[in-house]
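Engineer: Encoded as structure tokens, here's the structure I'll be asking about.
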Amino acid sequence: MPVPHVLLSAAVSLDGYLDDTGPDRLLLSSPADFDRVDEVRASVDAILVGAGTIRADNPRLLVNSAERRAARRAAGQPEYPLKVTVSASGDLDPDARFWHTGGDKVLYTTDKGAARVPRLPADTTVVPLGPDIDWRALLTHLHDVRGVRRLMVEGGGTVHTQLLQQGLADELQLAVAPLFVGEPTAPRLFGPGAYQAGRLRLCETRPLGDTVLMRYEPTAPGAGPLPHAADRHWLRLACELAALCPPSDTAFSVGAVVVAADGTELARGHSREGGDPVVHAEEAALAKVDVGDARLAGATVYSSLEPCARRASRPRACARLILDAGVRRVVTAWREPDTFVAGADGCGVLVGEGADVVVLPELEGMAVRPNRHLVG
């Protein structure tokens, strides 16, 4: 199911701490970075913090700039983004500033936690998620029920760690302050555990006073049938490649990217590439990877349109080419309509031979765009 774009935001010391152990909050951001955070808050639909952050920092999580609040109202948005928190236990202070400032709030908790939640203001919705906190269910609820398309997550470290380790964070905005904390018991940004393979993509660096903003995106594909944040990035690239296809009235325009498990791009291709009027996108991309490349076994093929199951122009359809290459995971945006082949089911062919197929329908419109003349 579609989920919001998840943006993790944090300020840390040079040695990776969120705070020290003193009684007062350690201010890591510069004035310029505080203003940047306010700008980001004004741009999102919701802001989330864990219950531990509410207990430790007692934040208000408001858009402080009157001009930015006015711009939100002029755009038909609430003055303040939706405020969201998560508490498995339901052990919350009803007098915290979080509950008494800004607009609507949502508390996600467990079934047991819901029974312990104290009386909260009327603009707060309590949503039990079952026996445990299920982050995918939480994000799906925010997307489908609350209409959240962009979610800013401001802490704490446990929340950031869980979202990143589960492949649910689309970007990380990290402000690094020029100081050290050096206290072993102080809170850190990320905890131990299994993270994505490979390197994140550095998208931006920007000095903000004496701090530096670094913005990263994950690159490693997911594993298995569940989508990960990096899957959306690579599939968008495949859809962009589809726009490069020479026009045709008798074939779809499709883009494809082959990505190794560590996030390394192995190859890309698009329909009718290189002047070949019948080459398919997946075929063009796979032809650029050595057949003996061991990385194919753990790779993911991203294709804007599901790989074909049958074709007349080549001996092997693209679903078969993918399987023969050893790839066992495919991510696509659009199931093939009956325009040229009735009952096409490349996804079924792949799944039938043990491959994982992920369909991201939120990108279907982007995949369809260069093919509108064929499907209306």
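The values are calculated or read from the model by the stated rules, or taken from the named source; none is laboratory data. Here the structure is a predicted model, which means the values were calculated and not measured. Glycine gets a Cβ as well: all are built from the backbone with ideal geometry, and neighbour counts include every protein chain shown.
Engineer: How about the stretch 208-241: which of its residues are of a type outside the set (D, E, K, R) and part of a strand (DSSP E or B)? Give the steps one after another, and end with the answer.
Structural biologist: In the first step, residues of the stretch 208-241 are kept if they are of a type outside the set (D, E, K, R); the result is 208-209, 211-214, 216, 218-230, 233-235, 237-239, 241.
Of everything in the stretch 208-241, those that are of a type outside the set (D, E, K, R) and part of a strand (DSSP E or B) turn out to be Leu208, Thr211, Val212, Leu213, Met214, Tyr216.
Engineer: Run Thr101 past the list (1) farther than 28 Å from Ala186 by Cα; (2) touching a strand residue (DSSP E or B) at 6+ places or on another chain (Cβ under 6 Å); (3) touching a residue at least 24 places away in the same chain (Cβ under 8 Å) and report the number of the one that doesn't hold.
Structural biologist: Answer for Thr101: the failing condition is (2).
Engineer: Output the residue which, of all residues in the stretch 102-125 that are in a helix (DSSP H, G or I) and of a type in the set (A, V, I, L, M, F, W, C), is surrounded by the most Cβ atoms within 10 Å (Cβ to Cβ).
Structural biologist: The first filter runs over the stretch 102-125 and keeps only residues in a helix (DSSP H, G or I), leaving 111-116.
Now drop any that are not of a type in the set (A, V, I, L, M, F, W, C), which leaves 114-115.
Details: Ala114: 16, Ala115: 10.
So the residue we want is Ala114.
Engineer: Considering the stretch 168-185 alone, what residues qualify as being under 26 Å from Arg206 (Cβ atoms) and assigned to a loop (DSSP other than H, G, I, E, B)? If you could, list the steps in order and put the result at the bottom.
Structural biologist: Step one: of the stretch 168-185, the residues under 26 Å from Arg206 (Cβ atoms) are 168-181.
Across the stretch 168-185, the qualifying residues are Leu168, Ala169, Asp170, Ala177, Pro178, Leu179, Phe180, Val181.
Engineer: Next question. Tell me, yes or no, whether the stretch 249-266 has at least one residue that is of a type in the set (Asp, Glu) and part of a strand (DSSP E or B). Walk me through it before giving the result.
Structural biologist: Quick first cut of the stretch 249-266, residues of a type in the set (Asp, Glu) only: 249, 262, 265.
After this cut, where a residue has to be part of a strand (DSSP E or B) as well, the list is 265.
Looking for residues that are of a type in the set (Asp, Glu) and part of a strand (DSSP E or B), one finds at least one in the stretch 249-266, hence yes.
Engineer: Check the stretch 218-234 and report whether any residue there is surrounded by fewer than 13 Cβ atoms within 10 Å (Cβ to Cβ) and not basic (Lys, Arg). Write out each step before concluding.
Structural biologist: At the first step, the residues of the stretch 218-234 found to be surrounded by fewer than 13 Cβ atoms within 10 Å (Cβ to Cβ) are 224-225.
Next, from what is left, pick out any that are not basic (Lys, Arg): 224-225.
Yes, there is a match, as at least one residue in the stretch 218-234 is surrounded by fewer than 13 Cβ atoms within 10 Å (Cβ to Cβ) and not basic (Lys, Arg).
Engineer: Now a separate question. So which residues in the stretch 79-101 are hydroxyl-bearing (Ser, Thr, Tyr), in a loop (DSSP other than H, G, I, E, B) and under 11 Å from Ile47 (Cα atoms)? Lay out the reasoning, then the answer.
Structural biologist: First pass over the stretch 79-101, keeping only residues hydroxyl-bearing (Ser, Thr, Tyr): 80, 85, 87, 89, 101.
The next check asks that each one be in a loop (DSSP other than H, G, I, E, B); those that pass are 80, 89, 101.
Answer for the stretch 79-101, where residues must be hydroxyl-bearing (Ser, Thr, Tyr), in a loop (DSSP other than H, G, I, E, B) and under 11 Å from Ile47 (Cα atoms): just Tyr80.
Engineer: In the stretch 56-79, what residues are farther than 25 Å from Leu18 by Cα and touching a Lys or Arg at 6+ places or on another chain (Cβ under 9 Å)? If you could, list the steps in order and put the result at the bottom.
Structural biologist: If we filter the stretch 56-79 for residues that are farther than 25 Å from Leu18 by Cα, which is where we start, we get 66-79.
Arg68, Pro78, Glu79, listed by residue number.
Engineer: Further, regarding this structure: Report, by residue number, each residue of the stretch 313-328 that is under 25 Å from the mean Cα position of the chain (by Cα) and either of a type outside the set (Lys, Arg) or not in a loop (DSSP other than H, G, I, E, B) (or both). Give the derivation first.
Structural biologist: Step one: list which residues in the stretch 313-328 are under 25 Å from the mean Cα position of the chain (by Cα), which gives 327-328.
Matches in the stretch 313-328: Val327 only.
Engineer: Oh, and also: Only one residue in Val368, Val357, Val279, Val349 is surrounded by fewer than 24 Cβ atoms within 10 Å (Cβ to Cβ), in a loop (DSSP other than H, G, I, E, B), in the same structural domain as Asp262 (by TED's automatic domain parsing) and in contact with a helix residue (DSSP H, G or I) (Cβ under 9 Å, 6 or more places away or on another chain), so which one is that?
Structural biologist: Selected residue: Val279, the only one of Val368, Val357, Val279, Val349 that is surrounded by fewer than 24 Cβ atoms within 10 Å (Cβ to Cβ), in a loop (DSSP other than H, G, I, E, B), in the same structural domain as Asp262 (by TED's automatic domain parsing) and in contact with a helix residue (DSSP H, G or I) (Cβ under 9 Å, 6 or more places away or on another chain).
Engineer: Let me ask something else. Can you list the helices (runs of 4 or more DSSP H) found entirely within the stretch 30-78 that contain at least 2 residues being small (Gly, Ala, Ser) and under 24 Å from Leu208 (Cα atoms)? Outline the logic, then answer.
Structural biologist: On the way: elements: 31-43, 51-57, 66-74.
So the answer is 31-43, 66-74.
Engineer: Additional query: Among the residues of the stretch 329-346, how many are under 25 Å from the mean Cα position of the chain (by Cα) and buried (at least 21 other Cβ atoms within 10 Å of the Cβ)?
Structural biologist: Summing the residues that are under 25 Å from the mean Cα position of the chain (by Cα) and buried (at least 21 other Cβ atoms within 10 Å of the Cβ) in the stretch 329-346 gives 6.
Engineer: Here's something else I'd like to know. Lys83 - would you say it is touching a Gly at 6+ places or on another chain (Cβ under 6 Å) and not β-branched (Val, Ile, Thr)?
Structural biologist: Values: touching a Gly at 6+ places or on another chain (Cβ under 6 Å): yes; not β-branched (Val, Ile, Thr): yes.
So Lys83 fits the description; yes.
Engineer: If you take the residues in the stretch 71-93 that are of a type in the set (A, V, I, L, M) and loosely packed, with under 13 Cβ neighbours inside 10 Å, which one is farthest from the chain's Cα centre (by Cα)? If you could, list the steps in order and put the result at the bottom.
Structural biologist: Start the filter on the stretch 71-93 by keeping residues that are of a type in the set (A, V, I, L, M), which leaves 71, 74-75, 82, 84, 86, 88, 92.
Okay, now just the ones that are also loosely packed, with under 13 Cβ neighbours inside 10 Å, so 74-75.
On the way: Ala74: 28, Ala75: 25 Å.
Among residues in the stretch 71-93 that are of a type in the set (A, V, I, L, M) and loosely packed, with under 13 Cβ neighbours inside 10 Å, the one farthest from the chain's Cα centre (by Cα) is Ala74.
Engineer: Also: When both residues are 6+ apart or on different chains and their Cβ atoms are under 6 Å apart, which pairs have a first residue that lies in the stretch 152-165 and is in the same structural domain as Ala197 (by TED's automatic domain parsing), and a second that is assigned to a helix (DSSP H, G or I) and crowded, with 22+ Cβ neighbours inside 10 Å?
Structural biologist: Qualifying pairs under 6 Å: Gly155/Thr53; Gly156/Thr53.
Engineer: Does the stretch 139-156 contain at least one residue that is exposed (fewer than 15 other Cβ atoms within 10 Å of the Cβ), of a type outside the set (A, V, I, L, M, F, W, C) and not in a loop (DSSP other than H, G, I, E, B)?
Structural biologist: yes
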